[in-house]
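Enquirer: What follows is a single structure, and I will ask about it in a moment.
The values are calculated or read from the model by the stated rules, or taken from the named source; none is laboratory data. Computed from a prediction, not measured in an experiment: that's the story for all the values here. Using ideal geometry, Cβ is built from the backbone for each residue, glycine included, and neighbour counts are taken over all protein chains shown.
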Amino acid sequence: MTSHTIESVSQEHRVFPPPEAFASQASIGSREAYAALYERSIEDPEGFWREQAQSLRWSTPPARVLEWHPPFAKWFGGGKLNLADNCLDRHVASWRANKAAIIWEGEPGEVRVFTYRELLREVCRFANALESLGVRSGDRVGIYMGMVPEAAIAMLACARIGAIHSVVFGGFAAEAVRDRMNDAQAKCIVTQDGAYRRGSVVPLKLQVDKAVEQCPSVKHVVVVKRTHNEIEMKPGRDQLWSDLVEKASAVHVAPALDSEHPLFILYTSGTTGKPKGVMHTTAGYLLGAYLTTKYVFDLRDEDVYWCTADIGWVTGHSYIVYGPLSNGATVMMYEGAPNQPDPSRFWQIIERHGVSIFYTAPTAIRTFVKWGEEFPNKHDLSSLRLMGSVGEPINPEAWMWYRKVIGGDRCPIVDTYWQTETGSIVMTPLPGAIPSKPGSCSLPFFGISPKVLREDGSEAGVNEGGLLVIDKPWPSMLRTVWGDDERYKTQYFSRFPGKYFTGDGARKDEDGFFWVMGRIDDVVNVSGHRLGTAEIESALVAHPSVAEAAVVGIPDELTGQALVAFVTLKSHDKPSKPLNAALMEHVANEIGKFARPKEIRFADAVPKTRSGKIMRRLLRDVAQGKEATGDVTTLEDIGVLARLREHEEE
């Protein structure tokens with residue numbers, strides 16, 4: 001086994017078949033029905049996807065299904081449609097016009113409801129407002145906001161006019177906003193004065209002001225008034241959302257856009273310091289989001305569907321905005337923290353609004369476990385009929401707690417596996433058709449052909465850990481890395497030519513179920529945030545006392561992974577508790593509080609190969625108090641490990 005092969009240690013054997021009552025009502029209600037559709041999607045992908053594409057509303061139907069010149073794909077060539085039209089106009093032309101599209105609850109407790117008719121009106125107004133600022137099809141628009149309805153409205157307005165949106169998570173600091181906006185060459189940023197988080201105000205506009213000082217492409221900043229904290233408005237550049245939409249018409253004709261028109265850029269941390277802009281296009285992405293929402297969540301018109309993700313991550317894009325709204329669903333949105341004002345908040349929301357589908361992250365579930373059963377037990381959660389998990393592999397005991405305490409031992413759980421790059425869910429149990437095994441994302445969705453490979457490209461055996469790839473193109477796959485086709489090829493398709501390499505380890509069990517075992521590269525997953533260690537290392541090295549830094553992720557019961565930073569100081573500085581605290585704060589300011597290391601260890605050197613590459617797997621062993629594993633013959637200085645352990649014992 002090489003250092004990249006992942007050893008399987010899971011001994012999980014519990015199996016939960018779909019409840020009979022659920023299966024009898026489900027869109028796909030048996031293993032046989034799933035198998036027939038899946039087999040067709042793999043054996044006749046062109047015919048299958050041509051048929052599925054008919055569920056979208058096209059201005060011009062596609063002439064072709066797929067053009068595949070590995071690793072570049074074009075789906076539904078010749079077709080034209082508008083994504084916002086598919087999410088809004090077509091529902092307003094039906095009985096759903098007065099159905100609730102978004103139910104929003106603010107952290108302080110206020111509730112706003114938008115019907116499909118009202119949401120369309122607001123999107124048209126903001127689409128006209130953007131055009132009045134000179135934003136045109138193909139221009140990039142940054143969105144740096146909290147969880148407010150205007151964030152979804154801004155996304156849909158961009159999609160409507162053909163502007164390419166790039167949403168930046170509201171927990172990122174100004175430097176991260178600056179780097180992403182410069183890479184995208186954004187023309188406009190939409191933000192808010194502040195966002196509520198745990199009773200405090202996060203000053204988003206202030207961060208944008210700092211970022212835009214070094215973003216020459218940004219000509220306009222649009223500000224939503226939310227928290228009414230004091231902000232500075234720069235004349236000529238800054239505009240209030242309310243002023244713009246008040247003057248704008250509520251009528252906007254959605255233009256027909258090419259199937260491959262770029263829809264959004266979403267920056268995900270790579271293993272180099274430069275942010276990596278994953279680019280998705282219109283029709284294929286929409287079809288993936290639409291179909292997975294419909295079948296994975298077994299969506300019904302009477303459902304109230306709640307995905308607790310932030311809009312700044314791809315889960316918020318696909319499963320708060322585009323997937324549910326294209327299906328005509330009622331979407332629950334909540335602005336704040338799950339423990340504001342106390343740990344009952346999520347369960348209050350489910351009870352108050354009759355939430356029937358609940359989709360959250362394992363890190364949140366582990367936090368709920370820590371807080372205790374008393375909080376959910378105080379609330380009536382009987383409206384729930386289906387629950388989901390997203391963001392990282394879920395440990396079986398958290399899965400069991402989720403099923404028992406939140407789902408009352410009656411709700412199926414869909415443990416979904418996918419990535420920013422895949423656009424939509426690629427592996428999951430279908431709740432009426434496929435049994436669940438705690439910790440397994442089970443079987444592939446339609447059209448997805450996953451394989452677990454050894455380093456040499458041969459297929460791994462049953463329960464043998466290996467590298468997870470997808471060996472056929474699928475509609476919602478990323479199209480490239482923004483402005484960097486070479487990086488796209490190298491990052492995703494160079495290891496196994498023609499096959500998409502996920503960067504994750506996995507195994508396949510005797511029933512054909514997949515178990516994803518985490519990242520094999522230097523990207524860590526902290527509380528559902530996928531962070532490149534290089535970005536955190538860059539932030540540490542930016543501190544005047546730091547010469548070098550190496551960051552690794554180690555297992556953590558609460559956050560999935562915790563960050564441990566090994567820091568080498570410049571010669572004039574000495575390790576101290578105040579410096580340790582200052583470095584923690586520095587990372588929080590540079591990137592965001594969620595990226596703050598759990599621990600900083602000072603070291604005179606870190607283990608490196610002779611070519612200068614930091615050997616992070618050895619640091620992971622040190623951080624966990626283990627003996628070094630694997631090959632150490634390439635170490636430049638074998639004594640460095642002993643010295644690191646001496647520091648540990650001091």
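Enquirer: Mind counting the residues in region 258-269 that are touching a helix residue (DSSP H, G or I) at 6+ places or on another chain (Cβ under 6 Å) and within 16 Å of Val141 (Cβ to Cβ)?
Expert: Here is the first cut: in region 258-269, the ones touching a helix residue (DSSP H, G or I) at 6+ places or on another chain (Cβ under 6 Å) are 259, 261, 263, 265-267, 269.
Then keep just the ones that are within 16 Å of Val141 (Cβ to Cβ); that gives 261, 263, 265-267.
Qualifying residue count, region 258-269: 5.
Enquirer: Could I ask something else about it? Please go through (1) under 22 Å from Lys276 (Cα atoms); (2) touching a strand residue (DSSP E or B) at 6+ places or on another chain (Cβ under 8 Å) for Asp509 and return the number of the only condition it doesn't satisfy.
Expert: (1)
Enquirer: Is it true that some residue in region 236-250 is farther than 21 Å from Ala176 by Cβ and of a type in the set (Phe, Trp, Tyr)? Step through it out loud before you land on a result.
Expert: Step one: list which residues in region 236-250 are farther than 21 Å from Ala176 by Cβ, which gives 236, 239-250.
Imposing the further condition that a residue be of a type in the set (Phe, Trp, Tyr) reduces the set to 241.
Checked region 236-250: at least one residue is farther than 21 Å from Ala176 by Cβ and of a type in the set (Phe, Trp, Tyr).
Enquirer: Now, a different point. Go through region 25-143 and tell me which helices (runs of 4 or more DSSP H), entirely inside it, have 2 or more residues that are outside the structural domain of Asp310 (by TED's automatic domain parsing) and crowded, with 23+ Cβ neighbours inside 10 Å.
Expert: Working: elements: 31-43, 45-52, 116-132.
Those helices (runs of 4 or more DSSP H) span 116-132.
Enquirer: Filter the strands (runs of 3 or more DSSP E) completely within region 183-256 down to those with at least 1 residues that are under 27 Å from Lys276 (Cβ atoms).
Expert: Filter on region 183-256 gives 188-192, 195-197, 200-202, 220-224.
Enquirer: Given the criterion basic (Lys, Arg) and either in the same structural domain as Ala173 (by TED's automatic domain parsing) or closer than 30 Å to Ile164 by Cα (or both), identify the matching residue among Lys499, Lys574. Full working, then the answer.
Expert: Values: Lys574 fails: either in the same structural domain as Ala173 (by TED's automatic domain parsing) or closer than 30 Å to Ile164 by Cα (or both).
Criteria check complete, one pass: Lys499.
Enquirer: To continue, here is another question. Among the residues of region 328-345, how many are among the charged types (D, E, K, R) and touching a residue at least 40 places away in the same chain (Cβ under 8 Å)?
Expert: As a first pass, look at region 328-345 and keep what is among the charged types (D, E, K, R): 335, 342, 345.
If we keep only those that are touching a residue at least 40 places away in the same chain (Cβ under 8 Å) as well, we get 335.
Matching residues across region 328-345 total 1.
Enquirer: Another question, then. Considering only region 568-583, state which residues are under 26 Å from Phe172 (Cβ atoms) and buried (at least 18 other Cβ atoms within 10 Å of the Cβ).
Expert: Leu579, Leu583 - these are the residues of region 568-583 that are under 26 Å from Phe172 (Cβ atoms) and buried (at least 18 other Cβ atoms within 10 Å of the Cβ).
Enquirer: Can Asp183 be described as of a type in the set (Asp, Glu) and within 17 Å of Phe126 (Cα to Cα)?
Expert: Working: of a type in the set (Asp, Glu): yes; within 17 Å of Phe126 (Cα to Cα): no.
Against the criterion (of a type in the set (Asp, Glu) and within 17 Å of Phe126 (Cα to Cα)), Asp183 does not qualify.
Enquirer: Cβ contacts < 6 Å: first residue buried (at least 24 other Cβ atoms within 10 Å of the Cβ), restricted to region 163-177; second residue among the acidic types (Asp, Glu), any location; separation 6+ or different chain. Result?
Expert: Every condition considered, the pairs that remain are Ala163/Asp139.
Enquirer: OK, next. Which residues, counting only those in region 365-389, are touching a Phe, Trp or Tyr at 6+ places or on another chain (Cβ under 6 Å) and of a type in the set (Val, Ile, Thr)?
Expert: Result: Ile365, Val369.
Enquirer: Continuing with the same structure: Looking for something without any contact (Cβ under 8 Å) to a residue 60 or more places away in the chain, crowded, with 17+ Cβ neighbours inside 10 Å, farther than 22 Å from Tyr267 by Cα and aromatic (Phe, Trp, Tyr) - is there at least one such residue anywhere in region 590-604?
Expert: yes
Enquirer: I've got another one for you. Return the total of residues in region 554-567 being over 22 Å from His529 (Cα atoms) and surrounded by fewer than 20 Cβ atoms within 10 Å (Cβ to Cβ).
Expert: Within region 554-567, the subset over 22 Å from His529 (Cα atoms) is 567.
Retained after the next criterion (residues that are surrounded by fewer than 20 Cβ atoms within 10 Å (Cβ to Cβ)): none.
Summing the residues that are over 22 Å from His529 (Cα atoms) and surrounded by fewer than 20 Cβ atoms within 10 Å (Cβ to Cβ) in region 554-567 gives 0.
Enquirer: Next up: Phe297 - would you say it is surrounded by 21 or more Cβ atoms within 10 Å (Cβ to Cβ) and assigned by TED's automatic domain parsing to the domain that holds Gly78? Don't jump to the end; show me each part of the working.
Expert: Details: surrounded by 21 or more Cβ atoms within 10 Å (Cβ to Cβ): yes; assigned by TED's automatic domain parsing to the domain that holds Gly78: yes.
So Phe297 fits the description; yes.
Enquirer: Kindly indicate whether Ala151 is assigned to a helix (DSSP H, G or I), touching a helix residue (DSSP H, G or I) at 6+ places or on another chain (Cβ under 6 Å) and under 26 Å from Gly323 (Cβ atoms). Talk me through it step by step, then tell me what you get.
Expert: Working: assigned to a helix (DSSP H, G or I): yes; touching a helix residue (DSSP H, G or I) at 6+ places or on another chain (Cβ under 6 Å): no; under 26 Å from Gly323 (Cβ atoms): yes.
No: the conditions fail for Ala151.
Enquirer: So, one more: Given the options Tyr488, Tyr500, Tyr492, name the one that is closer than 26 Å to Thr281 by Cα and either hydrophobic (A, V, I, L, M, F, W, C) or in contact with a helix residue (DSSP H, G or I) (Cβ under 6 Å, 6 or more places away or on another chain) (or both).
Expert: Values: Tyr488 fails: either hydrophobic (A, V, I, L, M, F, W, C) or in contact with a helix residue (DSSP H, G or I) (Cβ under 6 Å, 6 or more places away or on another chain) (or both); Tyr492 fails: either hydrophobic (A, V, I, L, M, F, W, C) or in contact with a helix residue (DSSP H, G or I) (Cβ under 6 Å, 6 or more places away or on another chain) (or both).
Tyr500 is the lone residue from the list that is closer than 26 Å to Thr281 by Cα and either hydrophobic (A, V, I, L, M, F, W, C) or in contact with a helix residue (DSSP H, G or I) (Cβ under 6 Å, 6 or more places away or on another chain) (or both).
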